[in-house]
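A short write-up of the structure that comes next.
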Amino acid sequence: MLEKALVGTNKYWAWIFFLLGVMGIGGLFYLYQFNYGLGATGMSRDVSWGVYIAQFTFMVGVAAGGVMLVLPYYIHDYKAFGKITILGEFMAIAAVAMCIMFITADLGQPMRIMNVLLHPTPNSMLFWDMIVLNGYLFLNAICGWVILNAHNKGVHYPQWVKPFIYLSIPWAFSIHTVTAFLYCGLPGRHFWLTAILAPRFLASAFAAGPALLVLIAMILKRVANFDAGEKAFQKLGTIITYAALANFFFLGLEFFVAYYSRIPGHMHTLDYLFWGLEGHDNLVLPMRFSLTIGLIATTMLLFPQIKKKESTFALSCGMLFTSLWIDKGVGMVLGGFVPSPLDRVTEYVPTVIEIGISLAVWATGALILTILYKLAISVAAKEAA
Amino acid sequence: MDVKRRKFLKIAGLSAVAGLSVPSAFTNLLQGGEALASTAGRGAAEGSQQPAAGGHGGHGEEPTGVQYGMVIDIKKFAEHRGLAEQCVKACHTEHNVPDYGNPKDEIKWIWVDDYAHGFPESSQYKRNAALKDLPVLLTCNHCANPPCVRACPTQATFKNEVGVVVMDFHRCIGCRFCMAACPYGARSFNWRNPREQYANGNYKFYKNGINPNYPTRMRGVVEKCNFCPERLAVGKLPACVEAAGETKAMVFGNINDPNSEIAKVLNANFTIQRNPAAGTKPSVFYII
């Protein structure tokens, strides 16, 4: 089936080579970081995680977002998602692959990564995160591949794959819950030490993942002649809206607890993120921007006229995705380190090296996604013919 | 290799029990290794922890077994200005801690800060002016219930038989989960190669040369205070405690042995710990 990815238009190949180019440049940057050490990034003693871990966390959400298609289609037999569900599963594969790359890029001693398997440590949440992420990759690869293969041969998918499909649903929730546990179980970091972190992660994931999928599906409609169907788009819009509402409701709860209780530890990071702390305000503008466009986008999505019109629907999905990307892919992780356990504010600015490597990981994810989608769309075209 | 090194660290810890403070070591031996047996059990259960029962100040059940700890008398450091800095220097020279001269790459095992930053959880409201410029020595607390050990995905950091939270530099993958987990900012990361040399062979970052009794590290691993197992093994006190010398500004020993000097100091003085509400049961105590 893979040969289908080797036949394409000039535009398809231009896109593939563009991605390979970005990956190549990023690869060179990584070579430099590998030789110099993580000092090549903007991270420091006080802000010891940066863009890599923040992007990792966000991508876990995008991966988990795929379940918002799998669940209605396979559990509730929601037929309108027939064409688009495979896109969700393949997006999860690309996103988990990116997660693994971001984690690897963040390791000081990447050659020792197998130590996690050689010395399994169940009390470490990172150990469990490794298990759930690899498990989710495996489940989606199995389900996506077998189902696509069945379509290609024009037969119904085999029954043995069903348990894997059903298992992938709670598993999607688990990947983002365990990822939240990486943060919310640490005693010295007030901003992360909140029981609502996992629900917040899930809510933002179920908005951001499907929002990205809507945008990609709209692009596919134009460039690949693949129409997921208006009904699927509208239902996704509804899912995104409710998830976004839950996300901002949860964020509001964080604000209430911090500013009504007036407990300094609870307020400090929010102060830093939205107002600046002790004169440090690098993240204030992005965070306010994120909150503003996120709320506007959610409000827009509440109006059926806006959601029904493709251009405004795309705009609101794009705004919401950007908002959640800044909130979780930047502010959530960096904010947790401010103030430090010694009550000091150290700010973090990513270096060109770090951004280059991150872009290369995104390009690799996009390449995986492009190839998988090429297969899915070729099979769909064959079926239609 | 790994196994051997861990064994060495454990043996070094054990011999430290015998090497340190003769009377208390003697009692330990008389107890027929009972204390050692119980600590071996603790070692096996590393990462497990008892919930802090009773009160929200992190007081709960008293941990048993050998637990090395330290009392830092800030008043004495205030009387002997400059002494705290000497302790820091002694430690960093002993352990080949590189000096990069910038805060971004900084590595420190023990350092001097002020009361407000050492104890940010305690109230700074209407504090006496004298408190403000006290030299407060900060280092790893070798918690009885260490969050860093719980977080580490490879057991590269673990509690040894004498209650010291140690690092296996050769197993660490550099994920820095322990740094996020530590509520005391005690851990540092090798952001770059500390062994870098000039063309003439001189080290760039080991300003005082290299102490051959302790290994240098490689880039990409976490490091921190380890209560000097290499010194305890030969019957010496930790480098910082030795540097504080006769002032008794620092007292080191097994806090769970009622006959140890440190237990007596703890019994005779009002001491505080950093961020006790985190429930980590720090083994470093302060007399302010």
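When A:217, A:208 are checked against the criterion of being buried (at least 19 other Cβ atoms within 10 Å of the Cβ), over 28 Å from residue A:124 (Cβ atoms) and under 21 Å from the mean Cα position of the chain (by Cα), A:217 stands alone in meeting it.
Answer with yes or no whether residue B:153 is within 10 Å of chain A (Cβ to nearest Cβ) and not aromatic (Phe, Trp, Tyr). Considered against the rule, which asks whether it is within 10 Å of chain A (Cβ to nearest Cβ) and not aromatic (Phe, Trp, Tyr), residue B:153 comes out as yes.
Checking the structure you have, find out if any residue of the stretch B:217-232 is more than 10 Å from every other protein chain (Cβ to nearest Cβ), modelled with pLDDT of 95 or more, in a loop (DSSP other than H, G, I, E, B) and over 28 Å from residue B:287 (Cα atoms). Scanning the stretch B:217-232, I find at least one residue that is more than 10 Å from every other protein chain (Cβ to nearest Cβ), modelled with pLDDT of 95 or more, in a loop (DSSP other than H, G, I, E, B) and over 28 Å from residue B:287 (Cα atoms), so the answer is yes. Of note, residue A:58 satisfies the criterion of being over 30 Å from residue B:102 (Cα atoms), at pLDDT 95 or above and touching a Lys or Arg at 6+ places or on another chain (Cβ under 6 Å). Of all the listed residues (B:200, B:193), the sole one being part of a loop (DSSP other than H, G, I, E, B), facing chain A (nearest Cβ under 7 Å) and farther than 22 Å from residue A:184 by Cα is B:193.
Under the condition of being touching a residue at least 40 places away in the same chain (Cβ under 8 Å) and under 17 Å from residue A:341 (Cβ atoms), which residue from the stretch A:179-193 is surrounded by the fewest Cβ atoms within 10 Å (Cβ to Cβ)? Top of the filtered list is A:185.
Taking the condition part of a helix (DSSP H, G or I), out of contact with any Gly (no Cβ under 9 Å at 6 or more places or on another chain) and among the polar types (S, T, N, Q), does residue A:311 pass?
yes
Residues being surrounded by fewer than 19 Cβ atoms within 10 Å (Cβ to Cβ), in a loop (DSSP other than H, G, I, E, B) and of a type in the set (Val, Ile, Thr) are entirely absent from the stretch B:150-169. Restricted to the stretch A:338-348, and to residues there that are surrounded by fewer than 21 Cβ atoms within 10 Å (Cβ to Cβ) and of a type in the set (A, V, I, L, M), the residue that is nearest to the other protein chains (Cβ to nearest Cβ) is A:342.
Is at least one residue of the stretch A:123-133 more than 9 Å from every other protein chain (Cβ to nearest Cβ), buried (at least 20 other Cβ atoms within 10 Å of the Cβ) and in contact with a Ser or Thr (Cβ under 7 Å, 6 or more places away or on another chain)? Yes.
Might you let me know whether the stretch A:79-98 holds any residue that is assigned to a helix (DSSP H, G or I), within 14 Å of chain B (Cβ to nearest Cβ) and over 30 Å from residue B:145 (Cα atoms)? No, the stretch A:79-98 contains no residue that is assigned to a helix (DSSP H, G or I), within 14 Å of chain B (Cβ to nearest Cβ) and over 30 Å from residue B:145 (Cα atoms). Among the residues examined, residue B:286 does not qualify as away from chain A (no Cβ under 14 Å), over 28 Å from residue A:344 (Cα atoms) and of a type in the set (Ser, Thr, Tyr). Contact annotation: residue pairs with Cβ atoms under 9 Å, 6 or more positions apart or on different chains, pairing a residue in the stretch A:244-263 that is free of Cβ contacts under 8 Å to residues at least 40 places away in the same chain with a partner that is among the polar types (S, T, N, Q) and part of a helix (DSSP H, G or I), are A:258/A:269. Among the criteria (1) more than 17 Å from residue A:180 (Cβ to Cβ); (2) modelled with pLDDT under 95, the one residue A:317 does not fulfil is (2). Taking the criterion of being away from chain A (no Cβ under 14 Å) and over 19 Å from the mean Cα position of the chain (by Cα), the residues of the stretch B:67-122 that qualify are B:75, B:76, B:78, B:79, B:80, B:81, B:82. Scanning the stretch A:1-50 for residues being within 24 Å of residue A:104 (Cβ to Cβ), loosely packed, with under 15 Cβ neighbours inside 10 Å and of a type in the set (S, T, N, Q) gives a total of 1. In the condition set (1) crowded, with 17+ Cβ neighbours inside 10 Å; (2) out of contact with any Cys (no Cβ under 6 Å at 6 or more places or on another chain); (3) modelled with pLDDT of 95 or more, residue A:197 is compliant with all but (2). Residue pairs whose Cβ atoms lie under 8 Å apart, separated by 6 or more positions or on different chains, with the first residue in the stretch A:373-385 and closer than 14 Å to residue A:5 by Cβ and the second at pLDDT below 85 and of a type in the set (A, V, I, L, M, F, W, C), are A:375/A:1; A:375/A:2; A:379/A:1.
Test residue A:93 against the stated conditions and say whether it is modelled with pLDDT under 95 and over 30 Å from residue A:348 (Cα atoms). No.
Candidates in the stretch A:167-203 are the residues that are within 14 Å of chain B (Cβ to nearest Cβ) and assigned to a helix (DSSP H, G or I); of these, the one that is farthest from the chain's Cα centre (by Cα) is A:184. Quick check: anything in the stretch B:123-145 facing chain A (nearest Cβ under 7 Å) and on the phi < 0 side of the Ramachandran plot? Among the residues of the stretch B:123-145, not one is facing chain A (nearest Cβ under 7 Å) and on the phi < 0 side of the Ramachandran plot, which makes the answer no. Collect the residues in the stretch A:349-362 that are within 14 Å of another protein chain (Cβ to nearest Cβ) and either part of a helix (DSSP H, G or I) or touching a Lys or Arg at 6+ places or on another chain (Cβ under 7 Å) (or both), keeping them in residue-number order. Across the stretch A:349-362, the qualifying residues are A:353, A:354.
When you check residue A:96 against the structure, is it in contact with a Pro (Cβ under 8 Å, 6 or more places away or on another chain) and among the hydrophobic types (A, V, I, L, M, F, W, C), yes or no? No; evaluated as a whole, the condition is false for this residue. The condition of being among the small types (Gly, Ala, Ser) and crowded, with 24+ Cβ neighbours inside 10 Å holds for only one of A:92, A:80, A:97, that being A:92.
Against the test of being in a helix (DSSP H, G or I), within 17 Å of the chain's Cα centre (by Cα) and either buried (at least 16 other Cβ atoms within 10 Å of the Cβ) or more than 14 Å from chain B (Cβ to nearest Cβ) (or both), the options A:326, A:293, A:371 yield a single qualifying residue, A:326. Output yes when any residue across the stretch B:173-185 is more than 9 Å from every other protein chain (Cβ to nearest Cβ) and small (Gly, Ala, Ser), and no when none is. No, every residue in the stretch B:173-185 fails to be more than 9 Å from every other protein chain (Cβ to nearest Cβ) and small (Gly, Ala, Ser).
Select, from A:79, A:83, the only residue that is farther than 17 Å from residue A:213 by Cα and among the basic types (Lys, Arg). Result of the check over A:79, A:83: A:79. Residues in the stretch A:103-122 that are in contact with a Phe, Trp or Tyr (Cβ under 7 Å, 6 or more places away or on another chain), at the interface with chain B (Cβ under 9 Å from one of its Cβ atoms) and crowded, with 16+ Cβ neighbours inside 10 Å: 5 in all. Can you tell me which condition residue A:335 does not meet? The list is (1) farther than 19 Å from residue A:252 by Cβ; (2) out of contact with any Gly (no Cβ under 9 Å at 6 or more places or on another chain); (3) within 14 Å of another protein chain (Cβ to nearest Cβ), and all the others hold. Checking residue A:335 against (1) farther than 19 Å from residue A:252 by Cβ; (2) out of contact with any Gly (no Cβ under 9 Å at 6 or more places or on another chain); (3) within 14 Å of another protein chain (Cβ to nearest Cβ), the one that fails is (1).
The values are calculated or read from the model by the stated rules, or taken from the named source; none is laboratory data. Bear in mind the structure is a predicted one, so any value in this text is a computation, not a measurement. Note: ideal-geometry Cβ built from the backbone for every residue, glycine included; neighbour counts use all protein chains shown.
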